[in-house]
1. Name every residue in segment 63-93 that is out of contact with any strand residue (DSSP E or B) (no Cβ under 7 Å at 6 or more places or on another chain) and open to solvent by less than 60 Å² (accessible area, probe 1.4 Å), in order of residue number.
2. Is it the case that segment 22-42 has a residue that's within 13 Å of ligand 2 (Cβ to nearest atom) and either free of Cβ contacts under 8 Å to residues at least 60 places away in the same chain or under 13 Å from the mean Cα position of the chain (by Cα) (or both)?
3. Since Lys45 meets every condition but one in (1) touching a Phe, Trp or Tyr at 6+ places or on another chain (Cβ under 6 Å); (2) open to solvent by less than 50 Å² (accessible area, probe 1.4 Å), which condition does it not meet?
4. Would you mind stating whether His102 is crowded, with 18+ Cβ neighbours inside 10 Å and in a loop (DSSP other than H, G, I, E, B)?
5. If Leu72 meets every condition in (1) under 24 Å from Gly13 (Cα atoms); (2) part of a loop (DSSP other than H, G, I, E, B) apart from one, which number is that one?
6. (1) under 12 Å from the mean Cα position of the chain (by Cα); (2) in contact (Cβ under 8 Å) with a residue 40 or more places away in the chain; (3) more than 8 Å from ligand 1 (Cβ to nearest atom): which one isn't true of Val96, the others all being true?
7. Would you point out the residue of segment 74-93, among those that are free of Cβ contacts under 8 Å to residues at least 24 places away in the same chain and among the hydrophobic types (A, V, I, L, M, F, W, C), that is farthest from ligand 2 (Cβ to nearest atom)?
8. Of all the residues that make up segment 48-62, how many are without any contact (Cβ under 8 Å) to a residue 24 or more places away in the chain and either open to solvent by 50 Å² or more (accessible area, probe 1.4 Å) or more than 16 Å from ligand 2 (Cβ to nearest atom) (or both)?
Amino acid sequence: MDANCLFCKIIRGDIPAKKLYENDEVLAFWDISPQAPTHFLVIPKRHIAGPAAMGGEDEQLIGKVMRIGARLATENGIGDGFRIVFNNGLEAGQTVFHIHMHILGGRRMNWPPG
Ligand code: AMP
Ligand code: ZN
């Protein structure tokens, strides 16, 4: 837990979020500024700043984030195609320094990404 972290505050319930899924290790909630018709975030409850801050002990946890996110994509109607994004660092557009997996779908996803 990081007292100043926005997503830790959401996990604690100090800031509201529209949740789609929660268990003791993982939380999924709708992105407040969706970039596609379906856009949600999946985060571990453990505070990790980003992919580059992961330790070996986080591998299983982030595997769960990915598996749960893919299942939620299918359950929310975008199983035919969705984009998974982890932004790491300012230059990549990371704005919240609690690791989070974006899942986007419901429109044609372009490649290369912006
Ligand atoms: P990133 O730019 O990869 O760090 O992604 C952070 C994401 O968090 C952005 O897509 C924001 O729209 C989203 N976001 C920021 N604050 C909230 C919030 N209070 N509830 C839900 N999503 C949020
Ligand atoms: Zn945090």
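The values are calculated or read from the model by the stated rules, or taken from the named source; none is laboratory data. Nothing here was measured: the structure is a model prediction, and the numbers come from that model. Counting neighbours? That spans all protein chains shown, and the Cβs are built from the backbone with ideal geometry, glycine included. Keep in mind that these areas ignore ligands, DNA and RNA; they rest on the heavy atoms of the full protein, side chains included. Shrake-Rupley method; radii C 1.70, N 1.55, O 1.52, S 1.80 Å.
1. Result: Gly63, Ala70, Gly79, Asn87, Gly89, Ala92, Gly93.
2. Yes, the conditions are met somewhere in segment 22-42.
3. Status for Lys45: all satisfied but (1).
4. So His102 fails the test.
5. (2)
6. The failed condition is (3).
7. Only one residue fits best here, namely Ile84.
8. 4
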